[in-house]
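For reference, the structure is listed below as structure tokens.
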Ligand code: NAD
Ligand code: DAU
């Protein structure tokens, strides 16, 4: 197997949750690699997320992945792109889908065209959601590499050296307070009762964001071009169990939360089978102790109120207007 050893990578969406954790991971673990973060700093992006990465290891570019000229210039100077930039929140996609189509479709198209022109290695970050959902009692897990069609087409038709990964739900530091785990932690810290959708039995397959980063690197370095890899850490849990674990860790009672209106079209269950990634590339998750990961995440939000307090009020106002 030939390894790909990039020295200058573009990380789109690197000021968001998973992208910034990936940029830190690269700075901590890959001393020869320079990261160029391209991020539009939407409501979900925060320049501070990159604080602590030494100068000289990273360049921050404030810009849009739909800006073809900018993207072309950056691709002419890099040997790989890891593409995290996206509109990522499901509740927002229901209220206003337009930015999702623009960034996720047009933006990915713009990047692929630049990768095609410059022969840039391209890794596309996708999600387990593209496979739809499972019934609670379904013994099957996602094993088939259905994939993000645009990236596949650019690989197949134009020979772009692309890989795709579909990961399950991430948790860890610097996740926006609109998402489930940070919303509940910051609710408790703000004296607001946590909010559970529907019957609370929806299942998500949780992975610590550091494990997502190491998996992405393994694919970038050793993944087979044209392949799709599923990333997961066997972390299936239903929402009420996750919420009660947060409540217990934060000294609250098991019923100290409100039931709220369900999300329309709420996917019942996600579950990832990451056997291919483990067998082919020898990847293993390291942070599989969920209780410990949750404790660290709670501690991070407790220690960094300045990071989330600004977004909290607006986020809760939006949810309140939706009855959630
Ligand atoms: P996020 O919303 O926290 O961050 C997205 C980042 O992209 C932000 O910094 C934002 O400013 C930037 N961005 C948005 N539109 C842009 C544009 N047009 N140009 C440049 N930058 C733009 O998202 P996240 O949770 O870190 O997710 C990152 C990726 O990982 C997404 O593709 C998401 O689908 C995927 N993913 C997320 C999860 C999860 O649990 N959060 C799980 C699997 C896959
Ligand atoms: O599986 C990957 C996906 O995970 C990614 O593609 C998305 O970008 C990411 O946001 C996430 O999507 P989910 O919809 O699963 O995550 P979210 O944090 O929004 O919700 C997790 C579960 O918790 C879901 O079943 C809805 C529920 N929920 C969410 C919120 C915000 C609640 O019960 N209460 C809440 O307040």
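Against the condition outside any loop (DSSP other than H, G, I, E, B), more than 19 Å from the chain's Cα centre (by Cα) and touching a residue at least 12 places away in the same chain (Cβ under 8 Å), how does residue 38 come out, does it pass?
In short, no.
Those residues that are within 14 Å of residue 64 (Cβ to Cβ), in contact (Cβ under 8 Å) with a residue 24 or more places away in the chain and buried (at least 16 other Cβ atoms within 10 Å of the Cβ), I need them from segment 85-108; list them, please.
85, 86, 87, 103, 107, 108
Using the structure shown, decide if residue 20 is away from ligand 1 (no atom under 14 Å from the Cβ) and touching a helix residue (DSSP H, G or I) at 6+ places or on another chain (Cβ under 6 Å). Spell out the reasoning first.
Numbers: away from ligand 1 (no atom under 14 Å from the Cβ): no; touching a helix residue (DSSP H, G or I) at 6+ places or on another chain (Cβ under 6 Å): yes.
Here the answer is no, as residue 20 does not meet what is asked.
Wholly within segment 187-260, which strands (runs of 3 or more DSSP E) include no fewer than the required count, namely at least 2 residues that are closer than 30 Å to residue 124 by Cα?
By residue number, 203-205, 228-231, 236-238.
Could you identify the single residue in 75, 84 that is modelled with pLDDT of 95 or more and under 26 Å from residue 263 (Cβ atoms)?
Step by step, each of 75, 84 is checked, and only 84 is modelled with pLDDT of 95 or more and under 26 Å from residue 263 (Cβ atoms).
Can you tell me which residues in segment 69-80 are away from ligand 1 (no atom under 12 Å from the Cβ) and touching a residue at least 40 places away in the same chain (Cβ under 8 Å)?
72, 75, 76, 77, 78, 79, 80
In segment 212-245, which residues are more than 16 Å from ligand 1 (Cβ to nearest atom) and crowded, with 21+ Cβ neighbours inside 10 Å?
223, 243
Could you look through segment 71-97, keep only residues that are in a helix (DSSP H, G or I) and either within 16 Å of ligand 2 (Cβ to nearest atom) or closer than 23 Å to residue 180 by Cα (or both), and pick out the one that is nearest to the chain's Cα centre (by Cα)?
Within segment 71-97, the match that is nearest to the chain's Cα centre (by Cα) is 90.
From the set of residues in segment 119-154 that are in contact with a strand residue (DSSP E or B) (Cβ under 7 Å, 6 or more places away or on another chain) and modelled with pLDDT of 95 or more, which is nearest to ligand 1 (Cβ to nearest atom)?
Filtering first and then ranking leaves 125.
Residues of segment 254-293 being in contact with a helix residue (DSSP H, G or I) (Cβ under 7 Å, 6 or more places away or on another chain) and without any contact (Cβ under 8 Å) to a residue 40 or more places away in the chain, which ones?
Answer for segment 254-293, where residues must be in contact with a helix residue (DSSP H, G or I) (Cβ under 7 Å, 6 or more places away or on another chain) and without any contact (Cβ under 8 Å) to a residue 40 or more places away in the chain: 254, 284.
Of the numbered conditions (1) within 16 Å of ligand 2 (Cβ to nearest atom); (2) part of a loop (DSSP other than H, G, I, E, B); (3) in contact (Cβ under 8 Å) with a residue 40 or more places away in the chain; (4) closer than 23 Å to residue 72 by Cα, residue 45 satisfies every one except a single condition; which is it?
Of (1) within 16 Å of ligand 2 (Cβ to nearest atom); (2) part of a loop (DSSP other than H, G, I, E, B); (3) in contact (Cβ under 8 Å) with a residue 40 or more places away in the chain; (4) closer than 23 Å to residue 72 by Cα, only one is false for residue 45: (3).
I'm checking my understanding of the structure. Among residues of segment 171-189 that are within 11 Å of ligand 1 (Cβ to nearest atom) and surrounded by fewer than 22 Cβ atoms within 10 Å (Cβ to Cβ), which one is farthest from residue 214 (Cα to Cα)?
For segment 171-189, the residue satisfying everything is 178.
The values are calculated or read from the model by the stated rules, or taken from the named source; none is laboratory data. As the structure is a computational prediction, the values presented were derived from the model and not from experiment. Glycine also receives a Cβ, built like all others from the backbone with ideal geometry; neighbour counts cover every protein chain displayed.
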